[in-house]
């Protein structure tokens, strides 16, 4: 195998891995956003019980951020920007909804959000890879 073909194989493998990572990071956001938007009343009720302002508007905004942000990550559109937005969103969500650390479950959810945010920061740094709209747009 020549050095050139080895480099091409490594780049292809890296892009495949980044694509897989994008899908795995995004799936929770796509599903969660869809579910929030499919049940605005229930989501707004939950957000209202947490004391969030204008719960119906908040439910729609959060649902759209999750759904559209997740889809953008899957297809690799504006990946670096969306990854930064979702990293910040995920940390904010952790601080708003998962700070009852005396409860082991809340601590796990908090740390899950921190880990997801870390994945988005790596994606913001690396970019979407070759298998993305970003790469096709140049």
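Some values worked out for this structure:
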{"item": "Net lengthening on full extension, residue 97/residue 111 (0.36 nm per residue, minus Cα-Cα)", "result": "3.8 nm"}
{"item": "Label point distance in nm, residue 38-residue 60, each placed 7 Å from Cα along Cα→Cβ", "result": "2.0 nm"}
{"item": "Potential extension, residue 8-residue 88 segment - 0.36 nm per residue separation minus Cα distance", "result": "25.4 nm"}
{"item": "Residues in the range 95-138 reached by a label modelled at residue 80 [backbone nitrogen below 15 Å; 7 Å Cα→Cβ]", "result": "121-130, 133-138"}
{"item": "Relative contact order for the chain, counting Cα pairs under 8 Å that sit 6 or more residues apart, in percent", "result": "28 percent"}
{"item": "Separation of the residue 52 and residue 68 label points, Cα + 7 Å toward Cβ, nm", "result": "1.6 nm"}
{"item": "Relative contact order (%) - criterion: Cα under 8 Å, at least six apart; region: the range 41-113", "result": "17 percent"}
{"item": "Evaluated over the chain, the Cα radius of gyration and Dmax, each in Å", "result": "17.5, 62"}
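Read-outs: derived from the displayed coordinates by stated rules, not from any lab. Keep in mind that this is a model prediction, so the values were computed, not measured. Glycine gets a Cβ as well: all are built from the backbone with ideal geometry, and neighbour counts include every protein chain shown.
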